[in-house]
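The values are calculated or read from the model by the stated rules, or taken from the named source; none is laboratory data. These figures come from a predicted structure and were not determined experimentally. Glycine gets a Cβ as well: all are built from the backbone with ideal geometry, and neighbour counts include every protein chain shown. Quick note on the areas: whole protein, heavy atoms, side chains included, nothing else; ligands and nucleic acids left out. Shrake-Rupley method; radii C 1.70, N 1.55, O 1.52, S 1.80 Å.
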Amino acid sequence: MTESTTRLPEGCEAHRGALLHFLDDPGNQPDPVAGSLEHIEDGLLVVYEGKVLATGDASVLLPRLPAGTPVTEWHDRLLVPGFIDTHVHMPQLGVMASYGTQLLDWLETYTFPHEARFRDGDWAQAEAQRFTDLLLAHGTTSGLVFCTSHPTSVNALFEAAEDRGMGLTAGKVMMDRHAPDDLTDTTQGSYDDSLALLEKWHRHGRQGYAITPRFAATSSPEQLALAGKLAKDHPDVMVQTHWAENTGEIQWISELFPERSSYLDVYDHYGLLGDHTVLAHGIHIDNWDRSRLAKTGTRIAFCPTSNTFLGSGLFDFRCARESGVTVGLASDVGGGTSLSMLATMAEAYKVCRLRGQTLTPWQAFYLTTLGNARVLHQDGETGSFQPGRYADFVVLDPGATPALDMKQVYTTTLAETLFSLMILGDDRTIAATAVAGEVRYRRPQGADQATPTTPSRTQGAR
Ligand code: GUN
Ligand code: ZN
């Protein structure tokens, strides 16, 4: 028997619909780089033990399924890998849409008081559950997440992720100065707590730990040094912090660290740069910074809805790419205004346009799937439908809203469909979200027409 006719194993399941995933960076030109993506109009995603076993034309794969294999039909839907958010704050859902301030005032007025509530374990648990449920409702299945300085917030988040089968990378915020007493930790205590959480959660099932100094303004030099020690002792653990978001912030850092040549040099000095580090924002930077980022492999999380909402500035996407900096796309809720990675793509496009640049739908969908998986070193596990990856996927409804439905009439190519989805789409566009092959979210109100069926092995085209 040849490969193409062998029977697939008993116990698999399949999902039928249009499939799109990326195999490599498609570039940012109107036509994607050849071989960088796979698009199958009537496709089948075959799942075995939570992972992708095969993708292909439904007409080819359906006859290879053992009799009785469940096949979910996602009529007129587009299945893409689960979205990945490379910078988001679990405890800031309630901070979204706080009026009228820039970064430093916003932190003091809204964010710090709100995060202080997470010292209450019951509150932390309820919010962690709400957060993970909302991620799934927005099509996000993985991410790099800030908790608060309270270890209980980290336990609550990982427990909620485990309950939903999701893999998150997250950490306890380290902040030992310049914040209210009920939010600051102590220098040594932050190290001890981070290490204990790292040992408990890193590579615990799908979970990963992230060393999380908030930003250089809220960490003493001693705390940054301890964060650097953690990173050095655990080179496969991610590091996340904020950087060069706001001009007032940058001025403050230069006053706090007069001996350092730049904001980036502060993190460099304390051993916090490297290919496992994600710096959120990176707006007000220069070519020296970019070359240092490229040389060390340090990543930037581009957070467009946050950058426009807080009036922080316009990230230079083209320059970062051309300098060889690895860039991910992120919501930064609650500075950001939506957990939707579709809304995030739309805002990223607008930021690029305001800079006279562009962001193609190919590049936008790549960034939120395989690109972001690469940022987090998770592309062997998620971000595409290549065999062996977790079957994390989103079912997109291209006619989900009246505006999208109207637009479909004028849409003839896949690029146009993707562009409509990213500009007009939001959580209403998410018909369902699956993690490790299990549908964990379905859009309410019976709006979705997917029906589980058990086709005969000979079933071919619809
Ligand atoms: N800089 C330090 N903390 C934060 C935060 O919580 N959000 C944003 N956007 N920037 C920060
Ligand atoms: Zn942030």
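Please find, among Leu53, Leu8, Leu45, Leu65, the residue that is in contact with a His (Cβ under 7 Å, 6 or more places away or on another chain) and either among the aliphatic types (A, V, I, L, M) or within 21 Å of Asp397 (Cβ to Cβ) (or both). First the steps, then the outcome.
Details: Leu53 fails: in contact with a His (Cβ under 7 Å, 6 or more places away or on another chain); Leu8 fails: in contact with a His (Cβ under 7 Å, 6 or more places away or on another chain); Leu65 fails: in contact with a His (Cβ under 7 Å, 6 or more places away or on another chain).
Of Leu53, Leu8, Leu45, Leu65, the one residue that is in contact with a His (Cβ under 7 Å, 6 or more places away or on another chain) and either among the aliphatic types (A, V, I, L, M) or within 21 Å of Asp397 (Cβ to Cβ) (or both) is Leu45.
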Single residue of Gly335, Gly311, Gly328 found to be within 12 Å of ligand 1 (Cβ to nearest atom) and in contact with a Leu (Cβ under 8 Å, 6 or more places away or on another chain): Gly335
Positions within region 367-391 being within 13 Å of the chain's Cα centre (by Cα) and basic (Lys, Arg), in sequence order: Arg374
Options Asp42, Asp85: the member that is charged (D, E, K, R) and closer than 30 Å to Gly313 by Cα: Asp85
Output for region 328-343, where each listed residue is crowded, with 24+ Cβ neighbours inside 10 Å and among the hydrophobic types (A, V, I, L, M, F, W, C): Leu329, Ala330, Val333, Leu339, Met341, Leu342
Residues that are open to solvent by 20 Å² or more (accessible area, probe 1.4 Å) and not hydroxyl-bearing (Ser, Thr, Tyr), drawn from region 298-312: Arg299, Phe309, Gly311
Scope region 392-439; condition open to solvent by less than 10 Å² (accessible area, probe 1.4 Å), within 18 Å of the chain's Cα centre (by Cα) and among the hydrophobic types (A, V, I, L, M, F, W, C); matching residues: Phe393, Val394, Val395, Leu396, Leu421, Met422, Ile430, Ala432, Ala434, Val435
Scope region 1-34; condition closer than 24 Å to Ala364 by Cα and open to solvent by 60 Å² or more (accessible area, probe 1.4 Å); matching residues: Leu23, Asp24, Gln29, Pro30, Asp31, Val33, Ala34
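Quick one: which helices (runs of 4 or more DSSP H) lie wholly within region 90-155 and hold at least 2 residues that are more than 11 Å from ligand 1 (Cβ to nearest atom) and open to solvent by 10 Å² or more (accessible area, probe 1.4 Å)?
Per the criteria, 121-137.
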Every residue from region 307-327 that is in contact (Cβ under 8 Å) with a residue 40 or more places away in the chain, within 13 Å of ligand 2 (Cβ to nearest atom) and out of contact with any Phe, Trp or Tyr (no Cβ under 7 Å at 6 or more places or on another chain): Ser312
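Is it the case, given these coordinates, that Leu79 is open to solvent by 10 Å² or more (accessible area, probe 1.4 Å), away from ligand 1 (no atom under 11 Å from the Cβ) and within 22 Å of the chain's Cα centre (by Cα)?
No, not satisfied.
Of everything in region 211-243 that's over 15 Å from Leu264 (Cα atoms) and either free of Cβ contacts under 8 Å to residues at least 12 places away in the same chain or of a type in the set (Ser, Thr, Tyr) (or both), which residue is farthest from ligand 2 (Cβ to nearest atom)?
Selected residue: Asp233.
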Complete set of residues in region 131-161 that are charged (D, E, K, R) and either more than 24 Å from Met341 (Cα to Cα) or over 17 Å from the mean Cα position of the chain (by Cα) (or both): Glu159
Members of region 38-76 that are under 25 Å from the mean Cα position of the chain (by Cα) and open to solvent by 30 Å² or more (accessible area, probe 1.4 Å): Glu38, His39, Tyr48, Glu49, Lys51, Leu53, Thr55
Filter result for the condition that a residue is within 16 Å of ligand 2 (Cβ to nearest atom), in contact (Cβ under 8 Å) with a residue 40 or more places away in the chain, crowded, with 24+ Cβ neighbours inside 10 Å and under 28 Å from His39 (Cα atoms), over Thr86, Thr169: Thr86
